[in-house]
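The numbers here are math on the coordinates, done by the rules we state, and not lab data. Note that this is a predicted model, so its numbers are computed, not measured. Glycine also receives a Cβ, built like all others from the backbone with ideal geometry; neighbour counts cover every protein chain displayed.
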Amino acid sequence: MGKQVRQVIDLPPVMPIVTDHVSYRLRCACGAETVGGFPPEAKAPVCFGPEVRAFATYLLDRQHLPVERTAELLADLLGVKVSTGWLCAVQAEAAGRLTPFLAWLRDRLQKEPVVHADETGTAVGTTKHWVHTLTTKLLTLIAVHPKRGLEALNDIGVLAVYTGTVVHDGYASYDLFTAATHAQCNAHALRHLKSVGEAEAFSAWADQMTGILMDAKVAAEAAARAGHRHVDPGRAGVVRAAYQAALDQVFALLPIGPPPPRKARPRWSEAQRKVWNLATRLRSDADQFLRCLDDTRVAWDNNVAERALRMVKIHDLWPAPDYGSRGAGSSHLGWWEGVGLVAGVA
């Protein structure tokens, strides 16, 4: 009695749809000739339509397949060979179509109260370039530039006029944008603390400072959940006092700095050098590492930006064709910029 139901979900065979468009030339009795037009997707005697072009762009720039593997997949799927050159042209077309979106995205990011910034190296052809991102939880701008520093950040065109808070990993070029407030990634600080803590003499201090930074994280996130813009001044004061006390303690363990050059062979050990460099940074940029206490909208770490760049690191940009400038002031941003923004709004 009764019945059982089982469902099997599968894909139908993929068969490309080939549509012939025929244009006629006709002459009126008065002698005038009329020629029929073609739809915009019929750009050549034989060409791929918008669905195939969109799917190719999706595979390249969302799923991050290398160009040759994308060509192989499309050939297997459609039964029709596509060339790597055609795929590169599709990317360039997609980048050009994103020009209005890029302008809108930059404008939106300039108005955000908090943005995250990061950069990472990659190969474009045989040349090293830098992939930059400016991102929030909702918006992601990715741009490729031959430079890493100030020139690139100015060309990208957000931070030059930005007055909110930018979260970064402490790269010095970001500090040159003085109209913005700055916050540094505590996850980076924890990695450095773990490294210096490998030396027995500084292990206790590294654990102590790690705990203080984690206390700041817990306090800021609790205040944010409660709907507060900043951490209670009393609790924030306790964290700041512990932070400063820990720094005073570690400097008491070190020779009077700064460390002399290594070639001088002084009594400074390599562990002492590393601790002095980290402690000096934590002291000079204390407000940036503890920014989340002042503004709970500011994240404790820079993971949002790092996640935005993670898939870029596995994307095969070899070889990258040179499509030249896309307009005054934009030629340095590279052909890949717009393609990387196909899914710019998450």
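Each Lys and Arg Cβ is given +1 and each Asp and Glu Cβ -1; about its Cα centre, region 163-260 then shows a dipole of about 320 debye.
Compute the label zone of Leu26 within region 38-73: residues whose backbone N is under 16 Å from the point 7 Å along Cα-to-Cβ. Taking a point 7 Å out along Cα→Cβ of Leu26, the residues of region 38-73 whose backbone N falls under 16 Å are 38.
Between their Cα atoms, which of Lys81/Lys147; Lys81/Lys128; Lys137/Lys217; Lys111/Lys194; Lys194/Lys313; Lys81/Lys137 are more than 28 Å away from each other? Mind showing how you got there, number by number?
Details: Lys81/Lys147 37 Å; Lys81/Lys128 31 Å; Lys137/Lys217 18 Å; Lys111/Lys194 36 Å; Lys194/Lys313 25 Å; Lys81/Lys137 39 Å.
From Lys81/Lys147; Lys81/Lys128; Lys137/Lys217; Lys111/Lys194; Lys194/Lys313; Lys81/Lys137, over 28 Å: Lys81/Lys147; Lys81/Lys128; Lys111/Lys194; Lys81/Lys137.
The local environment of Gly37, defined by Cβ-Cβ distances under 13 Å, has a net charge of +1 under the rule Lys, Arg +1 and Asp, Glu -1. Rounded to the nearest 10 degrees, the inclination of helix 99-111 to the longest alpha-carbon principal axis of the chain is 20 degrees. The share of C-alpha pairs in region 186-294 whose separation exceeds 17 Å stands at 54 percent. Taking the Cα centre of region 213-284 as origin and assigning +1 to Lys and Arg Cβ atoms and -1 to Asp and Glu Cβ atoms, the resulting dipole is close to 440 debye. The long axis of helix 67-78 is offset from the longest Cα principal axis of the chain by roughly 40 degrees. By the rule of a C-alpha distance below 12 Å, with chain neighbours fewer than 8 residues away ignored, the aspartates and glutamates paired with Lys274 are Glu198.
The angle between the Cα long axis of helix 186-196 and the longest principal axis of the Cα atoms of the chain comes to about 50 degrees, rounded to the nearest 10.
Each residue, Arg62 and Ala89, gets one label point 7 Å from its Cα in the Cβ direction; the gap between the two is 2.4 nm.
Write down Rg/Rh for region 197-257, rounded to two decimals, with Rg from the C-alpha atoms and Rh from the Kirkwood relation over Cα pairs. Before the final figure, lay out the partial values.
Numbers: Rg = 14.2 Å, Rh = 12.8 Å.
Across region 197-257, the Cα-based Rg/Rh ratio is 1.11.
On alpha carbon coordinates alone, what is the Rg over Rh value for region 76-184, Rh being the Kirkwood radius?
Working: Rg = 16.7 Å, Rh = 15.5 Å.
On the Cα set of region 76-184, Rg over Rh gives 1.07.
When exposed loop sites are taken as trypsin sites (Lys or Arg not before Pro) in a DSSP loop with at most 13 other Cβ atoms within 10 Å, the longest stretch of the chain clear of them is 138-228.
A DSSP coil position with no more than 10 other Cβ atoms inside 10 Å describes the following chymotrypsin sites (Phe, Trp or Tyr not before Pro) in region 19-126: Tyr24.
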